[in-house]
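Undergrad: I'd like to ask some things about the structure below.
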Amino acid sequence: MAGGIKTVGLMPHARKEQSLAVAGQLLEWLEQRGIRVKVLREDAQAMGRSERGSDRADFIAGLDLVVSLGGDGSMLRAAAAAYESEAPVVGVNLGRKGFLTAMESEHMYPGLEEILQGRFFVQERMLLQCTLGGEDSGEAHYALNEIAVGKRELQRMIRLEVDICGRYFHFYAGDGVIFSTPTGSTAYSLSAGGPIVDPSLECIILTPICSHSLMDRSVIISPDSTIEVLLEREEVLPALSLDGREEIELPRGGRILIRRAERCLKIVKLEGYSFYNLLRDKFDFPGSGK
């Protein structure tokens with residue numbers, strides 16, 4: 001096959017009927033072209049095809065491509081599986097913004113035909129890695145968009161000390177702090193007042209959330225930096241959010257170590273892709289109709 005793609009992992013939004021219906025149609029379309037298709041067990045059950053389901057270990061083994069069907073939330077879920085398998089991921093937008101996706105639903109079949117013929121390119125996007133307890137030896141967690149350290153629900157403000165490269169930087173009091181990649185600069189970080197950053201760059205964006213301080217501006221940090229977050233021992237129960245998908249309760253007085261992940265995620269884009277055109281169109285900038 002011209003594109004070298006023989007095995008595809010299909011990841012629909014398991015709670016959206018439209019996504020599940022499209023997944024069933026796409027599964028048959030791919031198999032008609034001689035492509036082996038894998039589906040996670042929970043997704044296969046939601047599609048009504050339980051016999052096609054695989055556990056996660058089998059699903060990520062030997063993938064050449066992961067296809068996400070949904071919006072940016074679905075794309076983040078698919079990106080986690082693609083990162084594990086070291087396969088590229090492509091998104092078909094069935095949601096609203098679809099900022100991370102490569103094509104709209106009406107262009108799905110022509111777009112995938114281009115990909116199967118090898119007419120696409122891969123962008124490498126940096127991820128963030130964090131370990132709990134301030135030790136590299138702990139279990140690693142990864143995020144494509146952002147790692148947010150904050151309080152759970154409507155509690156009092158949380159207090160965090162942030163050290164960069166082993167040196168004290170700042171003490172934040174407020175709702176928390178977001179550590180974002182350039183890819184995630186158009187997500188949670190942006191809504192908290194952070195800058196928009198070209199995703200081809202590599203940096204870590206620190207953005208405070210509702211800071212009770214004059215130091216309420218974002219800071220752009222070198223991607224080679226190691227960041228340590230120290231949680232004050234107080235009544236507020238802290239939590240760690242990874243791409244808005246996974247939330248982990250943290251011990252009071254604990255530490256979090258954040259750094260750039262050792263390898264990048266591979267995201268498929270079609271010819272003609274432009275971040276700045278996408279930015280203008282998705283956010284409806286003034287003059288976008290010109």
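Undergrad: Find how many whole Å separate the alpha carbon centroid of the stretch 1-45 from the alpha carbon centroid of the stretch 49-98.
TA: 9
Undergrad: Please identify which residues in the stretch 80-97 have an amide N closer than 19 Å to a label point set 7 Å out from the Cα of residue 284, following the Cα→Cβ vector.
TA: So the set is 94-97.
Undergrad: Right, next: Run down the lysines and flag those whose C-alpha is under 24 Å from the C-alpha of residue 266, throwing out any fewer than 8 positions away in its chain.
TA: Excluding near neighbours in sequence, the set is 6, 38, 97, 282.
Undergrad: Show that you can apply the helix-only estimate: for the chain, add -39,500 (n - 2.57) for every DSSP H stretch of four or more residues, divide by all residues, and state [θ] at 222 nm to the nearest 500. List each step's numbers first, then the result.
TA: Working: 7 runs with 62 residues, N = 290.
That comes out to -6000 deg cm²/dmol.
Undergrad: Can you tell me which aspartates and glutamates have their Cα less than 12 Å from the Cα of residue 151? Leave out same-chain residues fewer than eight positions away.
TA: Correct list for residue 151: 175, 232, 234, 235, 247, 249.
Undergrad: Something else now. Percent relative contact order of the stretch 128-260, based on C-alpha pairs within less than 8 angstrom and at least six residues apart?
TA: 30
Undergrad: Continuing with the same structure: In nm, what is the difference between 0.36 nm times the number of residues separating residue 165 and residue 106 and their Cα-Cα distance? List each step's numbers first, then the result.
TA: Numbers: separation 59, 0.36 × 59 = 21.24 nm, distance 4.72 nm.
Here the answer is 16.5 nm.
Undergrad: Separate question: Can you pull out the trypsin sites (Lys or Arg not before Pro) in the stretch 1-90 that DSSP calls coil and that have at most 16 other Cβ atoms within 10 Å?
TA: Working: sites: 6, 15, 16, 33, 36, 38, 41, 49, 52, 56, 77; in loops: 6, 15, 16, 33, 49.
Answer by residue number: 6, 15, 33, 49.
Undergrad: Name the residues of the stretch 69-87 whose amide N is less than 17 Å from a point 7 angstrom out from the Cα of residue 49 along the C-beta direction?
TA: 69-70
Undergrad: Counting C-alpha atoms alone, how compact is the stretch 128-255: give Rg to one decimal and Dmax as a whole number, in angstrom.
TA: 13.4, 41
Undergrad: Straight-line reach from residue 16: which aspartates and glutamates have a Cα under 12 Å away, not including same-chain ones fewer than 8 places off?
TA: The reachable aspartates and glutamates, counting only those whose Cα sits under 12 Å from residue 16, are 43.
Undergrad: Something else about it: If I take R0 = 41 Å and measure r between the Cβ atoms of residue 215 and residue 245 in this structure, what FRET efficiency does the formula 1/(1 + (r/R0)^6) give, to the nearest 0.05?
TA: For residue 215 and residue 245, the calculated efficiency is 0.90.
Undergrad: Would you mind checking which residues have amide H under 5 Å from residue 127's amide H? H placed 1.01 Å from N; only 5 or more apart, or other chain.
TA: The list, which skips near neighbours in sequence, is 261, 265.
Undergrad: Roughly how many nanometres apart are two label points built 7 Å out from the Cα toward the Cβ at residue 271 and residue 237?
TA: 5.5
Undergrad: Please work out how much length the chain gains when fully extended from residue 18 to residue 225, using 0.36 nm per residue of separation minus the C-alpha to C-alpha distance, in nm with one decimal.
TA: Here the answer is 70.3 nm.
Undergrad: Would you please give the residues with an amide H less than 5 Å from that of residue 89, counting only those at least 5 places away or on a separate chain, with H modeled from the backbone geometry?
TA: Distant-sequence amide H within range of residue 89: 66, 266, 267, 268.
Undergrad: Find the Cα radius of gyration of the chain, compare it with 2.2 N^0.38 Å by division, and give the number to two decimals.
TA: So the chain has a normalised radius of gyration of 1.06.
Every number in this text was worked out from the coordinates using simple rules, so none of it is lab data. Since this is a predicted model, take the numbers as computed values, not measurements. When we count neighbours, we look across all protein chains shown, and the Cβ atoms used for this are built from the backbone with ideal geometry, even at glycine.
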